[in-house]
Amino acid sequence: MRRAARDTPGADETAGDAAYRRMRADVVLGRLAPGRKMGLDGLRAIYGVSIGTLREALNRLAAEGLVHAQGQRGFAVAPVSAEDFREVAELRLLLECEAIGASFAAGDLEWEGQVVAAHHKLAVLERRLLAGAAADPSLWKHYDREFHHALIAACGSGALLETYAAAYDRFLRYQMVAVVFRGTVAAQQHAALLDCALARDAARACRVLHAHVEGCVEHVVRGGALTPFLAGARPSRLPVAMPQPARRAR
């Protein structure tokens, strides 16, 4: 099935860029577990690039907060915690609500069409999940991201969109680690956001968004989905084979 992030390099992509993108996708999509040690020899076996290229990619990921540099001990995937999840959620809400206001005010008919199309794909997959069908969680979150991005795409600020994308990916990592699907309530909130976009009701959209994001955080934290990934609960060594895809969405 299609993944949220590509795994094959583009024609104009360097080996370093390709390694960075693949490694980033593996962290964001939960294929590399929080706290996992990222030994350079193991990474070289997985990604097929030099130690120098790996260091460059890891430093880029560290700058994004997805990997932690541990001095002479190397690198590890950034840990998770309830406190960090809440902080990431607050940042996402701050940026997304700001962008929603500008996007709803400036969006034209073409923008409306893109929002409707993005919601249609997400809603179809959500209906399949609600019916109990198996689905690739990375595809489900790809459509979720596509819809939320469509809502704010007309905001007119490339810097805001870039900053939001980084915050969204940090939020997404928690969702993929926890494999959380809240069922009907999430689908209904997405439908409400679509209605708000078509009505250009930014104030209501932000209220719905707060309930949507904060509800996800509380569902994960109170349900204990992060517990297996907290410090001391996961193996510390990176395997020499590509990590398995995340568990199926529930």
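The values are calculated or read from the model by the stated rules, or taken from the named source; none is laboratory data. On a predicted model such as this, the values are computed, not experimentally measured, just so you know. So basically every Cβ, Gly included, is an ideal-geometry build from the backbone, and we count neighbours across all protein chains shown.
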* Out of (1) in a helix (DSSP H, G or I); (2) in the same structural domain as Met23 (by TED's automatic domain parsing), what's the single condition that is false for Ala102? -> (2)
* To do: Would you point out which residue out of Gln114, Gln175, Gln188 is farther than 22 Å from Ala25 by Cβ and touching a helix residue (DSSP H, G or I) at 6+ places or on another chain (Cβ under 7 Å)?
  => Gln114
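Looking at this structure, is His219 out of contact with any helix residue (DSSP H, G or I) (no Cβ under 6 Å at 6 or more places or on another chain), modelled with pLDDT of 85 or more, of a type outside the set (Lys, Arg) and within 26 Å of Leu125 (Cβ to Cβ)?
Working: out of contact with any helix residue (DSSP H, G or I) (no Cβ under 6 Å at 6 or more places or on another chain): yes; modelled with pLDDT of 85 or more: yes; of a type outside the set (Lys, Arg): yes; within 26 Å of Leu125 (Cβ to Cβ): yes.
The answer is yes for His219.
Results for (1) closer than 27 Å to Ala134 by Cα; (2) outside the structural domain of Arg31 (by TED's automatic domain parsing); (3) modelled with pLDDT of 95 or more; (4) over 19 Å from the mean Cα position of the chain (by Cα), shown as yes or no for each residue.
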| residue | (1), (2), (3), (4) |
| --- | --- |
| Ile152 | no, yes, yes, no |
| Thr163 | no, yes, yes, no |
| Tyr168 | yes, yes, yes, no |
| Ala178 | yes, yes, no, no |
| Gly183 | yes, yes, no, no |
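Working carefully through the options Ala82, Ala78, Ala89, find the one that is in contact with a strand residue (DSSP E or B) (Cβ under 7 Å, 6 or more places away or on another chain) and either of a type in the set (Gly, Ala, Ser) or closer than 14 Å to Ala197 by Cα (or both).
Going through Ala82, Ala78, Ala89 in turn, just one is in contact with a strand residue (DSSP E or B) (Cβ under 7 Å, 6 or more places away or on another chain) and either of a type in the set (Gly, Ala, Ser) or closer than 14 Å to Ala197 by Cα (or both): Ala78.
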* To do: Taking the residues in region 146-189 that are of a type outside the set (A, V, I, L, M, F, W, C) and within 20 Å of Asp108 (Cα to Cα) as candidates, determine which candidate is surrounded by the most Cβ atoms within 10 Å (Cβ to Cβ).
  => His148
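Output the residue which, of all residues in region 1-35 that are among the small types (Gly, Ala, Ser) and more than 25 Å from Ala76 (Cβ to Cβ), is modelled with the highest pLDDT.
Gly10
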